[in-house]
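So the structure is just underneath, and the comments pick up after that.
The values are calculated or read from the model by the stated rules, or taken from the named source; none is laboratory data. All of these numbers come straight from a predicted model, not from anything done at the bench. Quick reminder, even Gly has a Cβ in these numbers, built from the backbone with ideal geometry, and neighbours come from all protein chains shown.
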Amino acid sequence: MLDPVRFQKVWQHFGGHDGSALFTQLLEAYLQPHRAYHTATHLEACLRQFDLAQAEAEHPAEVEVALWFHDAVYVPNAVDNEAQSALWATQRLQQLGVSAVVIDRIAAMIVATKHDRLPEHHDCKLLLDIDLSILGQAPEPFDAYEQCIRREYAWVPKAQYCTGRAAILERFLQRSTIYYTSFFRERLEAQARQNLERSLTKLRGQQF
């Protein structure tokens with residue numbers, strides 16, 4: 001389960017004296033019943049990956065708080081989840097009097113989890129690699145991840161889902177590297193490509 005003490009520690013870094021109410025709000029968001037993958041479990045996994053890679057960050061507290069907010073708003077059929085999550089973080093950090101430069105960096109990391117453009121700075125690359133670390137896990141947790149994504153999109157007809165999901169996975173495979181940082185590339189790239197190829201084979205077999 002998500003650790004309120006951990007959240008309080010990173011929130012205090014930005015001047016928040018008591019983050020308990022905000023922690024509760026974030027926890028409630030990540031526990032929404034329509035979520036199957038973008039849950040507190042996913043956030044916990046991201047935080048564990050962050051702990052492994054923390055020394056790679058230029059501004060570790062910024063990366064961590066961006067992780068806490070990166071899926072704070074998640075509606076499967078919405079197109080602005082990342083923007084709304086970034087807005088929530090921005091508003092709360094503004095209330096603490098955090099500088100606009102810092103807030104902009106954090107918001108940019110959250111928006112970047114849409115994974116639709118190249119990240120502009122190192123911490124953003126690191127956060128995106130953390131978010132995609134599931135792709136390079138062993139086959140069993142990766143397959144469980146794919147099943148959870150399907151449950152979140154259970155309302156999409158099977159053939160349509162398979163076509164759309166295959167297109168997303170193909171875009172990751174078409175990159176020169178899936179992971180932007182050497183830390184994650186060296187650990188996870190090879191397994192991620194194997195997992196994606198295997199998933200694509202399944203999806204293509206179910207499109208018709």
Residues of region 83-118 that turn out to be under 14 Å from the mean Cα position of the chain (by Cα) and closer than 20 Å to Ala57 by Cβ, as a count:
11
Residue pairs, Cβ under 6 Å, 6 or more apart or interchain, first in region 91-111 and under 17 Å from Trp68 (Cα atoms), second polar (S, T, N, Q) and modelled with pLDDT of 95 or more. List them.
Ile103/Thr90; Ala107/Thr90; Ile110/Ser85
Of the residues His38, His17, His34, which single one is assigned to a loop (DSSP other than H, G, I, E, B) and within 17 Å of Asp131 (Cβ to Cβ)?
His38
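Return a yes/no flag: does region 87-108 have any residue that is modelled with pLDDT under 95 and surrounded by fewer than 21 Cβ atoms within 10 Å (Cβ to Cβ). So that I can check it myself, show each step before the final result.
Filtering region 87-108 for residues modelled with pLDDT under 95 gives none.
There is no residue in region 87-108 that is modelled with pLDDT under 95 and surrounded by fewer than 21 Cβ atoms within 10 Å (Cβ to Cβ).
Please go through region 178-198 and pick out each residue that is more than 19 Å from Ala57 (Cβ to Cβ) and either in contact with a strand residue (DSSP E or B) (Cβ under 8 Å, 6 or more places away or on another chain) or not in a helix (DSSP H, G or I) (or both). Even if it seems obvious, please write down each step before you answer.
Step one: list which residues in region 178-198 are more than 19 Å from Ala57 (Cβ to Cβ), which gives 178, 189-198.
Within region 178-198, just Ile178 meets the criteria.
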Look at Glu146 and say whether it is surrounded by 14 or more Cβ atoms within 10 Å (Cβ to Cβ), out of contact with any strand residue (DSSP E or B) (no Cβ under 6 Å at 6 or more places or on another chain) and assigned to a helix (DSSP H, G or I).
yes
Taking region 55-74, which residues are in contact with a His (Cβ under 7 Å, 6 or more places away or on another chain), under 11 Å from Tyr30 (Cβ atoms) and surrounded by fewer than 22 Cβ atoms within 10 Å (Cβ to Cβ)?
Tyr74
Where a residue in region 147-174 is more than 10 Å from Leu196 (Cβ to Cβ) and its partner, wherever it lies, is loosely packed, with under 12 Cβ neighbours inside 10 Å and among the aromatic types (Phe, Trp, Tyr), with Cβ under 9 Å and at least six apart
Ala159/Phe208; Cys162/Phe208
